[in-house]
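Here's the structure, in structure tokens; my notes come after.
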Ligand SMILES: Nc1ncnc2c1ncn2[C@@H]1O[C@H](COP(=O)(O)OP(=O)(O)O)[C@@H](O)[C@H]1O
Ligand SMILES: Nc1nc2c(ncn2[C@H]2C[C@H](O)[C@@H](COP(=O)(O)O)O2)c(=O)[nH]1
């Protein structure tokens, strides 16, 4: 059976990855990234086709990392990286990326395999871990040359080893200005993110643009170099606007259904 796949959405901008033509036993897969409304958007996609399977980011594991068998001994790695990025960036990226590998390598459920159009949507992926977040932390000086070299070494090794299982069919890039992302970040009021500054979101925005639009980021894997990218402008608030909601969901849904995806869809331009 041919299986579809999805991607991820992110902060200043959102991003969805989409994967098709998975091995018969795997189904299709998507992913999504950043703080711009990924969860909200994926909920919309879910309304179009309830069979599509979304894999959310394991945020709770980052917020409550078990350091021993007892619950009292857990650490909030998300808080630690925001409070002391020089100390914790390499550790965080190791843990976040391993959790993304595990999520992308997870066998597809029986229910999804029985679906007429199996689609998996991932919130972010092993690629945005490297080409957006880790790259950014290195450029900010929070990972030194040695840490960055080690991260890239094991990342390339793992992607090459599991290429068929971590490749994606497409990316949905949910684009919003850094200002809009900051506004939504304040709206959701996560304690760990209270100190996040606009400048940090601007940098993440730039990393997305360089990778997905300008294509100036050096990408190390042939299978994602020409991956189709659907760009959706999600600056408009649609929580109280059902027309806008329906339009966005339709555009996102069409990517999951398209038998042969065009190279790039352009629906919105950034800031
Ligand atoms: N298009 C939108 N219009 C209005 N509010 C939105 C929109 N998208 C997200 N939000 C709000 O912004 C906050 C963060 O959205 P969320 O979907 O949780 O982001 P993410 O999953 O990217 O981190 C939530 O309070 C959500 O209700
Ligand atoms: N340093 C990193 N931070 C990351 C990474 N992936 C996600 N995040 C942060 C961003 C948010 O504060 C939080 C959850 O993301 P949302 O999508 O809900 O905004 O985690 C990463 O790889 N590195």
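On a full-extension model of 0.36 nm per residue, what is the gain between residue 149 and residue 197, subtracting their alpha-carbon distance, rounded to one decimal in nm?
Values: separation 48, 0.36 × 48 = 17.28 nm, distance 2.74 nm.
Difference between extended and current length: 14.5 nm.
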Exercise. Which number do you get for Rg(Cα) / (2.2 N^0.38 Å) in the range 106-250?
Worked result: 1.20
Exercise. In nm, what is the difference between 0.36 nm times the number of residues separating residue 225 and residue 237 and their Cα-Cα distance?
Worked result: 1.1 nm
Seminar exercise, completed: Full extension between residue 50 and residue 164 adds, at 0.36 nm per residue less the Cα distance, a length in nm of 38.5 nm
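For the range 81-138, what is the convex hull volume of the alpha-carbon atoms per residue, in Å³?
On the way: hull volume 4.6 nm³, N = 58.
Dividing the Cα hull volume of the range 81-138 by its residues yields 79 Å³.
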Problem set entry | Label-point separation in nm, residue 114 to residue 59, each point 7 Å along Cα→Cβ | 3.2
Problem set entry | Spacing of the two label points (7 Å from each Cα toward its C-beta) at residue 217 and residue 187, in nm | 2.5
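Under 8 Å for C-alpha pairs, at least 6 residues apart: give me the relative contact order for the range 124-238, rounded to a whole percent.
Taking the mean separation of contacting Cα pairs over the length of the range 124-238, I get 39 percent.
Readers should treat all values here as calculations from the given coordinates under stated rules, not as data from a laboratory. Since the structure is predicted, the reported quantities are computational estimates derived from the model, not experimental observations. Because the Cβ atoms are built from the backbone with ideal geometry, glycine has one as well, and the counts that use them run over all protein chains shown.
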